[in-house]
Each structure stands twice: as structure tokens, then as C-alpha cells.
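The values are calculated or read from the model by the stated rules, or taken from the named source; none is laboratory data. Only a predicted model underlies this, so the values are computations on that prediction, with no experimental measurement involved. Using ideal geometry, Cβ is built from the backbone for each residue, glycine included, and neighbour counts are taken over all protein chains shown. The protein model used for the area step is the full one, side chains on, heavy atoms only, and it has no ligands, DNA or RNA in it. Shrake-Rupley method; radii C 1.70, N 1.55, O 1.52, S 1.80 Å.
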Amino acid sequence: MDAGAIGIYEKALPPSDDWHVLLGHARQAGYGFVELAIDDDPKRLARLQWSSAERAALRDAVADTAVPVRTLILSAHRRTPLGSPVAATRQSAVDLLLRCIDLAADAGVRLIQLAGYYVYDEPHDAGCRDRFLEGLQRGLARAAPAGVMLGLETMDGEDITSVAAAMAVLRDLRSAWLGVYPDVGN
């Protein structure tokens, strides 16, 4: 197997605010790419507001180290779910997704991994799947012209718990820009 095909999640590396250092750690450990995180950590969420210079710093570090950032994991939707019954929460979730797509496109990331939860800490109701699909469709409208794939990660719980459940979402949305990101750990 090509060593470049195996990547590492940034949270598994020693933390650093310097992209050259972080990507260098991945290279030294033999990884071919890094997965970037956008979660509830304020520093990671702030990435969605990065200036052009901050985005360029990541691109420059990728070029200098030859370690690309191929995927971006958007787990901030756990706290702000696309399937929420609260309209303001759903709008915030869509805003997160759209800003994440913009960051990915600007940074050269071609895949955003989305946790397969319609809602996480909220009660499930009859409409949470439909609301999730509606928010995801809004994201796909931005992702497709940006050249960014969205991948549904299979998760524990009661929503997208299997490849079959993810494929049902793909059939409903019918977009070439949406795929499945199976996680055997879940």
C-alpha cells in the first residue's frame, strides 16, 4: 500500500499552532496526509473565520512539508445539528457547513466528513431525518461548485449507523458530491 494513502487525524498528533510543525510530525511518523478537525473547541471553530493570510499559511505549510490536508472532519454538528427541530439551530448548522465548505475549498481540502447524526443531544422526532436532508441539500448546493465532496460517516446511535443507512440518504439526495465514509470503529 502507498504510504501516502494512510493519514492521521490531527488530534492524534502533538498539538501545535504552527502548521509546519504539525504537518512535520505527521511526515516524521510516516503518514501521507492529515485530517483537519472542526469541532466544538473554540480554536478549531475559529478556523471557519480565518483570514486569507491564515488560510494561506496552511496552504504554504502543505506545500513546504509535502503533507496534504485531504479531509476535514466536521463534528461541530453534534452540538448544532442539521436535524434539530429548532429553526435557529438548523440555520446555525447550515452556516457551519457552508463556512466549512468554503474553508475546505480555499485550503485545497477535497472531502468533508460529516457525522451521521440527524440530532445528537436532542430528542429524535418524526421530522429530524427530513430536516437533516434539507440542511445537507443546502450544503451540497455549495459543495458541488466548490469541488468539495461530502462524506457521511457511519456512527453509533440511531441515525446513520450503517453503510445501508448512508446509502438510503445518498439515494434520497442523488448528488455525485455526496458519498459514504464508513467508520469500522462505529
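Suppose the filter is closer than 30 Å to Tyr31 by Cβ, touching a helix residue (DSSP H, G or I) at 6+ places or on another chain (Cβ under 8 Å), open to solvent by 60 Å² or more (accessible area, probe 1.4 Å) and not in a loop (DSSP other than H, G, I, E, B); does Asp172 pass it?
Details: closer than 30 Å to Tyr31 by Cβ: no; touching a helix residue (DSSP H, G or I) at 6+ places or on another chain (Cβ under 8 Å): yes; open to solvent by 60 Å² or more (accessible area, probe 1.4 Å): yes; not in a loop (DSSP other than H, G, I, E, B): yes.
It is false that Asp172 is closer than 30 Å to Tyr31 by Cβ, touching a helix residue (DSSP H, G or I) at 6+ places or on another chain (Cβ under 8 Å), open to solvent by 60 Å² or more (accessible area, probe 1.4 Å) and not in a loop (DSSP other than H, G, I, E, B).
The residues in the stretch 139-158 that are at pLDDT below 95 and surrounded by 14 or more Cβ atoms within 10 Å (Cβ to Cβ) can be counted, and the count is 4.
The rows are residues; the columns are (1) touching a Pro at 6+ places or on another chain (Cβ under 9 Å); (2) farther than 22 Å from Gln113 by Cα; (3) assigned to a loop (DSSP other than H, G, I, E, B); (4) in contact (Cβ under 8 Å) with a residue 24 or more places away in the chain.
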{"position": "Gly24", "(1), (2), (3), (4)": "no, yes, no, yes"}
{"position": "Val34", "(1), (2), (3), (4)": "yes, no, no, yes"}
{"position": "Ala46", "(1), (2), (3), (4)": "no, no, no, no"}
{"position": "Ala53", "(1), (2), (3), (4)": "no, yes, no, no"}
{"position": "His77", "(1), (2), (3), (4)": "no, no, no, yes"}
{"position": "Leu82", "(1), (2), (3), (4)": "no, no, yes, yes"}
{"position": "Pro85", "(1), (2), (3), (4)": "yes, yes, yes, yes"}
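Inspect all residues belonging to the stretch 118-138 and state whether any of them is open to solvent by less than 60 Å² (accessible area, probe 1.4 Å), closer than 23 Å to Pro68 by Cβ and under 17 Å from the mean Cα position of the chain (by Cα).
The first filter runs over the stretch 118-138 and keeps only residues open to solvent by less than 60 Å² (accessible area, probe 1.4 Å), leaving 118-119, 122, 127-128, 131-133, 135-136.
Applying the additional criterion that residues be closer than 23 Å to Pro68 by Cβ yields none.
Among the residues of the stretch 118-138, not one is open to solvent by less than 60 Å² (accessible area, probe 1.4 Å), closer than 23 Å to Pro68 by Cβ and under 17 Å from the mean Cα position of the chain (by Cα), which makes the answer no.
Do you know which residues across the stretch 55-72 are open to solvent by 50 Å² or more (accessible area, probe 1.4 Å) and over 18 Å from Gln113 (Cβ atoms)? Hits for the stretch 55-72 are Arg59, Asp60, Ala63, Asp64, Ala66. His20 meets each of the listed conditions (1) assigned to a helix (DSSP H, G or I); (2) open to solvent by 30 Å² or more (accessible area, probe 1.4 Å); (3) free of Cβ contacts under 8 Å to residues at least 40 places away in the same chain apart from (3).
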